[in-house]
1. Please list 17, 51, 43, 59 from largest to smallest accessible area, probe radius 1.4 Å, with all protein chains kept in place.
2. Run the dipole for segment 7-71 about the Cα centre, Lys and Arg Cβ at +1, Asp and Glu Cβ at -1, nothing else charged, and hand back the magnitude in debye, nearest 20.
3. Quick one: net charge around residue 37, please, counting Lys, Arg +1 and Asp, Glu -1 for every other residue with C-beta under 12 Å from its C-beta.
4. What is the local net charge at residue 10, summed over the other residues whose Cβ is closer than 10 Å to its Cβ (Lys, Arg +1; Asp, Glu -1)?
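The values are calculated or read from the model by the stated rules, or taken from the named source; none is laboratory data. Keep in mind it's a predicted model, so treat the numbers as computed, not measured. Cβ placement follows ideal geometry from the backbone for every residue including glycine, while neighbour counts extend to all protein chains displayed. Remember, those area values only see protein heavy atoms, side chains included, never the ligands or the DNA or RNA. Shrake-Rupley method; radii C 1.70, N 1.55, O 1.52, S 1.80 Å.
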Amino acid sequence: MARIRIWIDPQHADGTVCEHKITPSGKPRDPESGCTGRARYQVMCSEHGRVGEPHGLRVLTESAQSAHRDSHKAALTPATR
């Protein structure tokens, strides 16, 4: 069985992944990088792709990440009689 990964992608406004170093406000540390800043966060699953809607705050995305991880765990739990 393949390992399932669930992670949070920081994204620019156009949906591309933001891997730049940023300030606490979400703006790029290096103004020459061409980064527009982080606009949202998206939960991603190696099995399902995008999970739910993107959120503007990472803390809101973390609960969606945990819920999706729990749904995978529940699917693997055998039923008891």
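1. Numbers: 17 65, 51 25, 43 5, 59 95 Å².
In descending accessible area the options line up as 59, 17, 51, 43.
2. On the way: 8 positive and 9 negative charges, 41 e Å.
About 200 debye.
3. On the way: positive: 21, 27, 29, 38, 40; negative: 14, 30.
So the environment of residue 37 carries a net charge of +3.
4. Values: positive: 38, 40, 58; negative: 9, 19.
Every neighbour counted, the sum reads +1.
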